[in-house]
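What follows is a set of notes on a single structure, which appears directly below.
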Amino acid sequence: MTLERKVANVFRLTDENWMKHSNPWSVWTRYSVLPIIVLAFWCRVWIGWWCLIPGLASLFWMFLNPIFFPKPKSTKNWASRSVLGERVYLNRDRIDIPEIHKTPLYSILNTISSIGMLIAIWSIIYYSIWGAVLGVALAYLGKSWYLDRMVWLYEMMKSESEEYQSWDY
């Protein structure tokens with residue numbers, strides 16, 4: 001079982017929920033999570049323990065988001081295809097992916113995103129506005145580039161499986 005499949009199980013991404021998550025609204029609104037968490041905990045000096053409300057609400061949204069929106073009317077857009085590519089990538093232990101997608105690039109992009117998250121956390125602790133901006137920017141740069149590669153993967157793989165073809169509408 002791939003690490004990505006384990007993560008998908010945590011988010012309850014069944015076949016139906018994967019299609020809900022491919023709704024562009026799900027993809028784009030998920031980008032709100034990190035900035036809200038950073039802002040919420042940044043404000044702890046001014047609003048005290050009340051900062052937990054938006055911070056925890058944002059974490060709750062992170063888990064609810066993939067299943068909140070309905071199945072999209074069409075998957076012929078970048079956001080939907082990025083999610084479908086993630087699904088293809090996690091399935092690589094069952095259906096082989098092209099060699100060009102077996103590079104360490106995906107790990108590097110996830111590492112960049114993780115470093116950004118760590119910088120964002122550091123900036124919350126030490127009240128560094130530049131750290132917050134840099135951390136969020138790195139996290140989203142790594143994630144967005146990763147998602148772009150997932151679109152490419154999906155485009156290459158959709159003809160390899162009837163299941164993958166059925167996602168293209």
Please compute the modelled spin-label separation between Val10 and Arg94, points set 7 Å along Cα→Cβ, answer in nm with one decimal. 2.1
What FRET efficiency comes out for Tyr31 versus Lys71 if R0 is 25 angstrom and r is the Cβ-Cβ distance? Round to the nearest 0.05. 0.75
Paramagnetic reach from Tyr126 in region 9-52 [backbone N under 19 Å; point 7 Å along Cα→Cβ]: 38-39, 41-45
Please state the Cα pair-distance histogram of region 1-137 with 10 angstrom bins from zero: what percent is in each bin? 11, 33, 35, 18, 4, 0
Keeping the other protein chains in place, figure out the carbon and sulfur percent of the accessible area of the chain, with a 1.4 Å probe. 70
Rolling a 1.4 angstrom probe over the protein heavy atoms, how many square angstrom per residue are accessible across the chain? 57
Convex hull (Cα only) mean projected area of region 20-96, reported in nm² to one decimal: 6.3
Among the aspartates and glutamates, select those whose C-alpha is under 20 Å from the C-alpha of Lys76, and discard any that sit fewer than 8 residues away in the same chain. Asp15, Glu16, Glu86, Asp148, Glu155, Glu160, Glu162, Glu163, Asp168
Region 58-75 - phi-based ³J(HN,Hα) in whole Hz, Karplus 6.51/-1.76/1.60, Gly and Pro as x: 5, 5, 4, 4, 4, 7, 7, 3, x, 10, 6, 8, x, 4, x, 5, 8, 9
The FRET efficiency for Met62 and Glu155, from their Cβ-Cβ distance with R0 = 35 Å and rounded to 0.05, is 0.80
Rg/Rh over Cα atoms for region 60-161, Kirkwood Rh, comes to 1.05
Considering only C-alpha atoms, what is the centroid distance from region 35-55 to region 56-132, in Å? 23
Around Leu153, under 14 Å between beta carbons, what's the net of Lys plus Arg minus Asp minus Glu among the other residues? -2
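The values are calculated or read from the model by the stated rules, or taken from the named source; none is laboratory data. Quantities reported herein were computed from a predicted structural model and do not represent experimental measurements. Here the Cβ is made from the backbone with ideal geometry for all residues, glycine too, and neighbour counts use every protein chain on show. Only protein heavy atoms, including side chains, enter the accessible area calculation; ligands, DNA and RNA are left aside. Shrake-Rupley method; radii C 1.70, N 1.55, O 1.52, S 1.80 Å.
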